[in-house]
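To start, the structure itself, in structure tokens.
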Amino acid sequence: KQVCDTARAAGKTLTVDLFASSSNNKCQRFHSFHHTQGTEGADAFERLSWAHSKCPCGQAHLEYVYVFPPIDLLLSVWLRLERDRAAGIAIVPMSPAAPWWPTMKSGLISGLQTFAGTGYTHTIAPDSAFDLRHP
């Protein structure tokens, strides 16, 4: 609920949860590690783009993604967010010494906000990208 409230406070609605299951998805549309009922796909990395998707109406629509990936995928996730210039909310552990931390920090267009008492932080990319400096 706090994640959805954060998105609403930024004037956004989460459109797709890229690392979820049918029991913990934050969005109606989600990707999981294995095909499961209701999933849009079994591997978020197989999506053509994390920034937009093609709708059955035939048009491309911008996504506002939610990512709470396993720790071992964090560097790959940040690189993909940068590559696709995706917007959304990411949940990450507070780990400034982690190898993915500098990549994540360099890609933020908004600051970190901490979930009190959890050891996790989240960041919001409210407009067009996690990283405006990379093509």
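Computed from the coordinates by the stated procedures, all read-outs in this text should not be read as laboratory data. In this text, all values refer to a predicted model and were calculated from it rather than measured experimentally. Here the Cβ is made from the backbone with ideal geometry for all residues, glycine too, and neighbour counts use every protein chain on show.
Before moving on, here are some points about what is shown:
- Its alpha carbons considered, the stretch 1-89 gives a radius of gyration followed by a Dmax of 12.5, 36 Å.
- Across the stretch 1-63, Cα pairs under 8 Å and at least six residues apart give a relative contact order of 20 percent.
- Spatial extent of the stretch 1-45: Rg and Dmax, with the Cα atoms as the point set, Å: 11.1, 32
- The mean sequence distance of close C-alpha pairs (under 8 Å, at least 6 residues apart), as a share of the length of the stretch 9-108, puts its relative contact order at 22 percent.
- In this structure, the amide hydrogen of Gly88, modeled 1.01 Å from its nitrogen in the peptide plane, lies closer than 5 angstrom to those of Val65, Ala125, counting only residues at least 5 positions away or on a different chain.
- Inter-label distance for Ala97 and Phe45, nm, one decimal - labels placed 7 Å from Cα along Cα-to-Cβ: 2.7
- Think of the stretch 17-102 as having a plus end and a minus end, set by charges on the Cβ of Lys, Arg, Asp and Glu; of Ala20, Ala51, Pro102, Ala51 sits farthest toward the positive end of this dipole.
- Protection proxy ranking for 22-32, 92-102, using the average of other Cβ atoms within 10 Å per residue and placing the highest first: 22-32, 92-102.
- Modelled FRET efficiency - R0 22 Å, Leu79 with Lys105, Cβ distances, 0.05 increments: 0.95
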